[in-house]
Amino acid sequence: MNDASQPAPAAAVPAADVPTLLVKIFGKDRPGITAGLFDTLAAYGVDVVDIEQVVTRGRIVLCALVTAPAPGTGTEGDLRATVHSWAESMLMQTEIISGKGDNRPRGEGRSHVTVLGRPLTAESTAAITAVITGAGGNIDRIFRLAKYPVTAVEFAVSGAEPVALRSALAVAAAARGVDVAVVPSGLQRRAQRLVVMDVDSTVIQDEVIELFAAHAGCEAEVAEVTAAAMRGELDFEQSLHARVALLAGLDVSVVDKVRAEVRLTPGARTLIRTLKRLGYQVGVVSGGFTQVTDDLRERLGLDFAAANTLEVADGRLTGRVVGPIVDRAGKARLLRSFAAQAGVPLSQTVAIGDGANDLDMLNAAGLGVAFNAKPVVRQAADAAVNVPFLDAVLYLLGITREEIEAADELDGVETT
C-alpha cells in the first residue's frame, strides 16, 4: 500500500538543457514493432518523454522522445547502433536526432479546426492550411475523423486567436466548397452538453406547414405568404397567422397523415442516438407545430420539444394557433429555458438551424451550427455544415465515425 504521506514520484519531464533523443521508425506495419523498439531502448535505461504513432495504409511512423542512456548502460553511440541494427532486422528505416529537453510548449490560442469535404481536395487543404499559417497558427497535429460519407479531418492548432482564425477560414472555405469549424480547445469540449435543433429543414427534410397546406389545397397561397415574409413584408408572427388561417376547416385526422409524411434528415437518428449515449440532453424548437414535434420527441427520445400549437375545435383545425408564439426571439428564450432545466451553462450548449429565425438561438449558444443554411445564417454562425447528413455535426465535437459505428454495432443498431 502506498504511504499517502510520501510525495509522488516526479514526472519524467527533462529540464530544457537535459539531452534527449528523438527516435523515428518508419516502414511497413506489423505486430510487435512498437514493443520491439521499446524493448531495444529498455536496455539503455531511458525514460519515455513523448510517443506518437500513425499508421496510414499499412505504413507506420513511430516517434519516441526519450532521455539519454542512463549511466552504466552504454553511450549514445551504442544506443544508436543498437536501434539501427534492430530496425534493419525488421526491414524498417530509422532516424535518431539529438536535442535537449521536451517538445516546446504549444502557443496560446489553441483550437480544433474541423474540415469537412465531399471530397476533400489537395487544393482546398492547401488553402485551409495556408490560412492557418497566415493567421499565425501552427498545426500541431492532424487526425482523420471520418472517411465517408464525407471526409472529416481535425487540425489541432495553436498560436492563432480562435475568433479571428474562424473568420479568416470562413472565406477560404466558402471559396473552396468545404466546411470549416473552429472550436476553442479546453475541457468544455469534453463536457456533457445540451444540443437544441430547429426542426423544419434541419431535423426533418420538410416544411411542416407546407405538408398541411397540401392537404388543404392551398400550397400556392402558403408559398406566397412565405415569400412575402422572406421579402420582409411580414414578420414571422404575421406570416404564421396568415398561413395557419388557410388551414381552417381541415379535419384533425390530417395530423396523423402529416406525421406519416415527415421525412427525417439523413443522419438525424444517428446524431441523436450518439449524443444520448454520451449523456447529452437533446431538444428541438420549431416555428412549426406541437402536433408534429411532440411525435418527434416520442419517436426520437428527445428531452425537450417546443413549437406552436394548432387550435382544434369540434374535430377540425380552426385556422388559429394557441399559446405563446415560437418565433426568432422565442427560440433563443427556449434554449435558455432548456439549459436551465438541464443544469447546463449556455457556454456548453449547441444550437443547430438553417433559417434567419434561428439566428438568435445560434448566437446565444456556446456553439452555433448553420446546417445547409441561408448565406446570412452561415456568415453569422460559429460553424457551417453544408453536406446533407445531420450526423456530420458530431465531427465538430471531435467524435469519429469509427466510434459512432462501433457503438452502433455493439447495440445492434444500423448506422444511418
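The table for this structure:
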read-out: Helices (runs of 4 or more DSSP H) lying entirely in the range 284-389 (those with 3 or more residues that are more than 22 Å from the chain's Cα centre (by Cα)); value: 290-300, 328-342
read-out: Test for T274: is it farther than 21 Å from L359 by Cα, among the polar types (S, T, N, Q), open to solvent by 30 Å² or more (accessible area, probe 1.4 Å) and in contact (Cβ under 8 Å) with a residue 12 or more places away in the chain; value: no
read-out: Which numbered condition S85 fails, given (1) among the small types (G, A, S); (2) under 40 Å from the mean Cα position of the chain (by Cα); (3) modelled with pLDDT of 95 or more; (4) exposed (fewer than 14 other Cβ atoms within 10 Å of the Cβ); value: (2)
read-out: Scan of the range 158-199 for residues that are at pLDDT 95 or above and among the hydrophobic types (A, V, I, L, M, F, W, C), ordered by number; value: L194, V195, V196, M197, V199
read-out: Selection from the range 305-320 of residues that are surrounded by fewer than 21 Cβ atoms within 10 Å (Cβ to Cβ) and touching a residue at least 12 places away in the same chain (Cβ under 8 Å); value: T309, V312, G315, R316, T318, G319, R320
read-out: Single unsatisfied condition, A227 versus (1) under 35 Å from the mean Cα position of the chain (by Cα); (2) surrounded by fewer than 16 Cβ atoms within 10 Å (Cβ to Cβ); (3) at positive phi; value: (3)
read-out: Residues (open to solvent by 30 Å² or more (accessible area, probe 1.4 Å), under 19 Å from V385 (Cβ atoms) and among the hydrophobic types (A, V, I, L, M, F, W, C)) located in the range 132-148; value: F143
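Residues are listed down the side, and each one gets a yes or a no for (1) within 20 Å of the chain's Cα centre (by Cα); (2) within 27 Å of Y280 (Cα to Cα); (3) open to solvent by 40 Å² or more (accessible area, probe 1.4 Å):
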{"site": "R110", "(1), (2), (3)": "yes, yes, yes"}
{"site": "V115", "(1), (2), (3)": "yes, yes, no"}
{"site": "A127", "(1), (2), (3)": "no, no, no"}
{"site": "V150", "(1), (2), (3)": "yes, yes, no"}
{"site": "A164", "(1), (2), (3)": "yes, no, yes"}
{"site": "A175", "(1), (2), (3)": "no, no, yes"}
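The values are calculated or read from the model by the stated rules, or taken from the named source; none is laboratory data. Source: prediction; values computed, not measured. Positions of Cβ are generated from backbone atoms using ideal geometry, with glycine treated the same way; all protein chains shown enter the neighbour counts. Side chains are part of the model used for accessible areas, which takes the heavy atoms of the whole protein and leaves out ligands, DNA and RNA. Shrake-Rupley method; radii C 1.70, N 1.55, O 1.52, S 1.80 Å.
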